[in-house]
Amino acid sequence: MTRYATIIGTGRYIPENEITNAIFAEWMGEHSQKLAEVVGKFENSSGIRTRFYAPDDWATSDLAAEAAKDAMADAGVKPEEIDLVIVGTDSPDYITPATSVVVQHKIGAINAGTWDVGCACASFPTALAQAAGMMAVNANLKYVLVIGAYMMHKLADVKNDVTAFFYGDGAGAAVLGVSDKPGYISTSIKADGSYHKHWGIYSGGTYEPATVESVEAGRTKVKLVTPFPPTVNHEGWPARVRECAANGGFDIQDIDHIIFTQVNVKSIGIVMEDLGLPVEKAHYVMDKWGYMGSACLPVAFDDAIKLGKIKSGMRVVFCGSGVGYNQAATAFIMP
């Protein structure tokens, strides 16, 4: 039989410590009124109203483990039944080892292999495609756990850098099982490495190992160096969705729902208009939980399912883009 990957369970985890825009504006106001006013501008342009921070003694793997437990419970799958754990994040526990091995240990998935995906917000659709490909050709893989997790606030100067407005913590997960019916349909991926110095953490790796001087200068913290042009998403997202549809042999109008990177609600509206689809077919959560990077797509997906917006038989496209930059779109039919 042809083996198709299908999504059989989802879950999420949002930590409890809420940092509203008013709190963040107060932090920025300690430096200048101008920075406090920027917070208001960011709120109006992005739709982000708040964000949540994990406890100080948590790591990204803790968020991922909680979302994984929620997804496994939803799927009715035990940790020891998981064959593969894929974690998408750009805020890993360590440079090495992989965060996925830490998650595997924390959730008790003792029979699973693991790897990390480091494509920022494109990690979840990329990881879904990887999982589907592995399941299609490896008869031993019955259940795969795909997680997106984000704790960038801990790698940012949250009380001094206004760009930290965008960093909220969270994790989302999906359990994939095997079916003789699609399931997974298609993927589109693209990158443009000419943007790699626009936004990132530039000290602490082999390019510049961390030193006392680099730490004191703030180069081990995440920095927005040069803003991305709006066309990166406004042109890139529709291109990825159209290519994903072409690769999968379906029409744009056949899409029942799209989950985009949750960074700017206005961008979602612009892209849906470009695609000729009603904006109601694109669920968003940045108003409730903020922008969560690698986690935002699976969190929004789980929320849409729980709210009844995504149902059995629907064709869903995941479209994400992240620093670097990476972009990916992946299509599934819900079982």
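No lab work stands behind these numbers, since they all come straight from the coordinates. Since we're looking at a predicted model, the values are computed, not measured. Note that each Cβ is placed from the backbone with ideal geometry, even for glycine, and that neighbours are counted across all protein chains shown.
Remarks
- Rounded FRET efficiency, nearest 0.05, which uses the C-beta distance separating residue 16 from residue 105 and R0 of 30 Å: 0.80
- The charge dipole of the chain, taken about the Cα centre with unit charges on the Cβ atoms of Lys, Arg (+1) and Asp, Glu (-1), comes to about 580 debye, rounded to the nearest 20.
- Relative exposure of 334, 28, judged by other C-beta atoms within 10 Å (fewest first): 334, 28
- 31 Å Cα-Cα threshold exceeded, pairs from 190/266; 142/221; 190/311; 34/197: 142/221
- Each Lys and Arg adds +1 at its Cβ and each Asp and Glu adds -1 at its Cβ; summed about the Cα centre, region 4-181 shows a dipole of about 440 debye.
- The length gained on full extension between residue 157 and residue 44, counted as 0.36 nm times the residue separation minus their Cα-Cα distance, comes to 38.4 nm.
- Simple point charges give the picture: +1 on the Cβ of Lys and Arg, -1 on the Cβ of Asp and Glu, and for region 62-164 a dipole about the Cα centre of about 100 debye.
- Cα coordinate range in the chain, projected on the principal axes (Å, largest first): 63, 46, 36
- Once the gyration tensor of the Cα atoms in region 4-181 is diagonalised, the equivalent ellipsoid follows with semi-axes of 35, 15, 13 Å, ordered largest first.
- Debye-formula intensities of region 139-180, expressed as log10 I(q)/I(0) at q = 0.14, 0.18, 0.19, 0.26 Å⁻¹, are -0.50, -0.61, -0.64, -0.87 (one equal scatterer per alpha-carbon, no solvent).
- Spherically averaged projected area of region 185-333 from its Cα convex hull (nm²): 9.9 nm²
- Proxy reagent accessibility, fewest Cβ within 10 Å first, across 207, 325: 207, 325
- Among 177, 84, 25 - extreme Cα towards positive end, dipole of region 4-181, charges at beta-carbon: 177
- Its relative contact order, with pairs defined as Cα atoms under 8 Å and 6+ residues apart, puts region 185-333 at 36 percent.
- Relative contact order (%) - region 272-335, alpha-carbon pairs under 8 angstrom, separation at least six: 23 percent
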